[in-house]
Amino acid sequence: MNSIATYRHQPWNKGKAVRQKAPLRVRDIWAIRVRLQLAEKTRDLALFNLAIDSKLRVCDLTKLRVRDIAHGEHV
């Protein structure tokens, strides 16, 4: 039995203008910081602050290791 199945997959962005998102506003940044502090998410707060302060992109931030930012025993 020879049957050929054809699938029609439509891209999610067909007909849409895909562009860079607007930067976060200061009000939004502080709201995220407060929520992370209230949830006691210290690691996430540190990563968020590092990303905002150094203007790192997500792909660069996820590749970052402690040894990249540590000097001896100081981070």
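Considering only helices (runs of 4 or more DSSP H) fully contained in region 7-75, which possess at least 2 residues that are surrounded by 10 or more Cβ atoms within 10 Å (Cβ to Cβ)? Give the steps one after another, and end with the answer.
Working: elements: 26-38, 42-54, 58-62, 66-69.
Output list reads 26-38, 42-54, 58-62.
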(message) Between a residue in region 29-56 that is at positive phi and any residue that is of a type in the set (S, T, N, Q) and in a helix (DSSP H, G or I), which pairs come within a Cβ distance under 9 Å, given they are 6 or more apart or on different chains?
(response) none
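Every number here is computed from the coordinates shown, using simple stated rules; none is lab data. Everything numeric in this text was worked out from a predicted model, so none of it was measured. Because the Cβ atoms are built from the backbone with ideal geometry, glycine has one as well, and the counts that use them run over all protein chains shown.
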